[in-house]
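The values are calculated or read from the model by the stated rules, or taken from the named source; none is laboratory data. All values derive from a computational prediction rather than experimental measurement. Methodologically, a virtual Cβ is constructed for each residue, glycine included, from the backbone with ideal geometry; neighbour enumeration extends over all protein chains shown. When the accessible area is computed, the model is the full protein with side chains, heavy atoms only, and any ligands, DNA or RNA have been set aside. Shrake-Rupley method; radii C 1.70, N 1.55, O 1.52, S 1.80 Å.
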Amino acid sequence: MTDRNDTISREKFITELMRYKKGSVSRRHFLGVTGLGLATSVLGSALPGLRGAAWAQSGIGDRVVLASWPNYHDPANFEAFKAATGAAVDMSVFGSNEEMLAKLQAGGSGWDVFVPTNYTISTYVSENLIEPLDLTKIPNYDLASFDPRFAEPGTVDGVVYAVSRNWGTTGYAVNTAQTGGKKLTSWKEFWDITMAEFSGRTMVHDYQLTTIGNALKYFGYSFNSVDPKELADAEKLLLDVKPHLFAISSDYQPSMRSGDAWMTMCWTGDGKQLHNDIPEIEYVLGSEGGELWSDFLAIPKGAPHLDAAYALINFLLDPAVNVKEVLFHGYPVADKRVDALLPPEILNDPIMYPAAELLSPLEFGAAVTLTDPGRAELMARFKSA
């Protein structure tokens, strides 16, 4: 085992992290070889101002509750946070922004930090479900370091309610070993092959924004449409497809890894993780367009562990910590301080950073889609059919 006093290079850390993710080495080996504190120190060496670990607070309690998405955080970072602060991170996983909104509207979520998507934040503000942030308690947040396209939705009427976590796209993952060598490039192909060669092998999100939005793209409509006629066309397609689906779920990695599913709607990081481990699984952005999104860190009203919430947000925004998140989950971030720490093969990865011609047709989700009754009722009918 490597002596913990030895210097570990960034390349060595990345190699060991990939081995640990793939199950090639044990957790004990990973922690022993890298050393969580040492790894953070090495990755943070380019930012001496962060070497003091401003997030290493004490007296914040023994737990913090985070509501987030599947496969979205490096567990080793949570262990480092607990070691530094004494607060364990309890995570609740959700599959859609509608599910998150309903939970907060019902009250008593118990969450301290949650991860909303760009188009939802104005609704949380209007319904008084989200705390305005005291940025003096988040010294690792430097607005000037963030790409405004992905950071600005966190500010509503001049007040910052959420800080940028990362961004990505919504496409689909397909096991090319099952396509006979055919390369898929469009949402039309996604839906058509589901009703033919891939019958019983396709998954769609349990999430109306993307499932309905990508059905709308079949007809060339806007991803965000709430037009009744256009939604009717999307509904007919979804009802035609329903008998051919393997499952409706936003947690699709297990089925893709087992081979039970051959294709699924997919977010950037999941596409990256699947492709890394199973190279024949490719990530496709439909040529017709689709979704470009950004996710945020925010605090719900009534968070029971407020000091711990601020400490966790500040910790996750430390570039030395955030770079380990990126290497784990495969989503790009909007923070140029983090980009400066990433190896070239990550910054040049076409899944994480698609070509401009693939990005240009994509749309950010629109706030109206979150609460539009037409889309909500359509999704309910589709799921119950």
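Say whether the condition of being of a type outside the set (Ser, Thr, Tyr) and more than 18 Å from the chain's Cα centre (by Cα) is met by at least one residue in the range 266-274.
Taking the range 266-274 and keeping what is of a type outside the set (Ser, Thr, Tyr), we get 266-267, 269-274.
In the following step, the residues that additionally are more than 18 Å from the chain's Cα centre (by Cα) were identified as none.
No, the conditions are met nowhere in the range 266-274.
For the range 251-269, name all the residues that are open to solvent by less than 10 Å² (accessible area, probe 1.4 Å), of a type outside the set (A, V, I, L, M, F, W, C) and assigned to a loop (DSSP other than H, G, I, E, B).
Hit for the range 251-269 is TYR252, nothing else.
Take the residues in the range 113-130 that are in contact with a strand residue (DSSP E or B) (Cβ under 8 Å, 6 or more places away or on another chain) and open to solvent by 30 Å² or more (accessible area, probe 1.4 Å); name whichever of them is farthest from ILE299 (Cα to Cα).
SER122
Among the residues of the range 191-204, is there at least one that is assigned to a strand (DSSP E or B), within 18 Å of THR117 (Cβ to Cβ) and not hydroxyl-bearing (Ser, Thr, Tyr)? Write out each step before concluding.
Step one: of the range 191-204, the residues assigned to a strand (DSSP E or B) are 202-204.
If we keep only those that are within 18 Å of THR117 (Cβ to Cβ) as well, we get 204.
Subset that is not hydroxyl-bearing (Ser, Thr, Tyr): 204.
Scanning the range 191-204, I find at least one residue that is assigned to a strand (DSSP E or B), within 18 Å of THR117 (Cβ to Cβ) and not hydroxyl-bearing (Ser, Thr, Tyr), so the answer is yes.
Exactly one condition in (1) aliphatic (A, V, I, L, M); (2) open to solvent by 40 Å² or more (accessible area, probe 1.4 Å); (3) within 25 Å of the chain's Cα centre (by Cα) is false for LEU216; which is it?
(2)
Restricting attention to the range 343-354, does a residue exist that is under 17 Å from the mean Cα position of the chain (by Cα) and open to solvent by less than 10 Å² (accessible area, probe 1.4 Å)?
yes
Could you grab me the full set of residues in the range 143-192 that are in contact with a Leu (Cβ under 8 Å, 6 or more places away or on another chain), closer than 20 Å to TYR310 by Cα and among the aliphatic types (A, V, I, L, M)?
Hits for the range 143-192 are ALA151, VAL160, ALA162, VAL163.
Quick check on my filter: what residues within the range 368-379 are over 16 Å from THR210 (Cβ atoms) and open to solvent by less than 70 Å² (accessible area, probe 1.4 Å)?
GLY374
Please work out which one of (1) touching a strand residue (DSSP E or B) at 6+ places or on another chain (Cβ under 9 Å); (2) open to solvent by 10 Å² or more (accessible area, probe 1.4 Å); (3) farther than 27 Å from TRP191 by Cβ is the condition LEU327 fails and give its number.
Against the list (1) touching a strand residue (DSSP E or B) at 6+ places or on another chain (Cβ under 9 Å); (2) open to solvent by 10 Å² or more (accessible area, probe 1.4 Å); (3) farther than 27 Å from TRP191 by Cβ, LEU327 comes up short only on (1).
With the checklist (1) open to solvent by 50 Å² or more (accessible area, probe 1.4 Å); (2) touching a Leu at 6+ places or on another chain (Cβ under 6 Å) in hand, flag the one item GLY290 doesn't pass.
(1)
Here's the yes/no breakdown for (1) part of a loop (DSSP other than H, G, I, E, B); (2) surrounded by 24 or more Cβ atoms within 10 Å (Cβ to Cβ):
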position	(1), (2)
GLY271	no, yes
ASN276	no, no
GLU282	no, no
PRO304	yes, no
ALA308	no, yes
ALA311	no, yes
ASN314	no, no
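Scan the range 329-380 residue by residue and report those that are assigned to a helix (DSSP H, G or I), in contact with a helix residue (DSSP H, G or I) (Cβ under 7 Å, 6 or more places away or on another chain) and touching a residue at least 40 places away in the same chain (Cβ under 8 Å).
Result: HIS329, LYS336, ARG337, THR369, LEU370, THR371, GLY374, ARG375, ALA376, LEU378, MET379.
What number goes with the only condition from (1) surrounded by fewer than 18 Cβ atoms within 10 Å (Cβ to Cβ); (2) hydroxyl-bearing (Ser, Thr, Tyr); (3) in contact with a strand residue (DSSP E or B) (Cβ under 7 Å, 6 or more places away or on another chain); (4) within 26 Å of MET256 (Cα to Cα) that SER199 does not pass?
Status for SER199: all satisfied but (3).
Which pairs do you get when a residue that is farther than 23 Å from ALA106 by Cα and aromatic (Phe, Trp, Tyr), found in the range 294-311, comes within reach of a residue that is at pLDDT 95 or above and open to solvent by 50 Å² or more (accessible area, probe 1.4 Å), reach meaning Cβ atoms under 9 angstrom, with the pair 6+ apart or on two chains?
Taking only residues 6 or more apart or on different chains, the pairs are TYR310/ASP134; TYR310/LYS137.
Residues that are open to solvent by 40 Å² or more (accessible area, probe 1.4 Å), touching a strand residue (DSSP E or B) at 6+ places or on another chain (Cβ under 9 Å), of a type in the set (Gly, Ala, Ser) and within 24 Å of GLY374 (Cβ to Cβ): does the range 176-194 have at least one?
To start, the set of residues in the range 176-194 that are open to solvent by 40 Å² or more (accessible area, probe 1.4 Å) comprises 177-178, 180-183, 185, 188-189, 192.
From what is left, the residues that are touching a strand residue (DSSP E or B) at 6+ places or on another chain (Cβ under 9 Å) are 177-178, 183, 185, 189.
Adding the requirement that they be of a type in the set (Gly, Ala, Ser) leaves 177.
From what is left, the residues that are within 24 Å of GLY374 (Cβ to Cβ) are none.
Taking every residue of the range 176-194 in turn, none turns out to be open to solvent by 40 Å² or more (accessible area, probe 1.4 Å), touching a strand residue (DSSP E or B) at 6+ places or on another chain (Cβ under 9 Å), of a type in the set (Gly, Ala, Ser) and within 24 Å of GLY374 (Cβ to Cβ).
Determine which member of the set GLY158, GLY110, GLY154 is at positive phi and open to solvent by less than 40 Å² (accessible area, probe 1.4 Å).
On the way: GLY158 fails: open to solvent by less than 40 Å² (accessible area, probe 1.4 Å); GLY154 fails: at positive phi.
Answer to the selection: GLY110.
Could you identify the single residue in VAL65, VAL89 that is crowded, with 16+ Cβ neighbours inside 10 Å, farther than 25 Å from GLY158 by Cβ and touching a Gly at 6+ places or on another chain (Cβ under 8 Å)?
Going through VAL65, VAL89 in turn, just one is crowded, with 16+ Cβ neighbours inside 10 Å, farther than 25 Å from GLY158 by Cβ and touching a Gly at 6+ places or on another chain (Cβ under 8 Å): VAL65.
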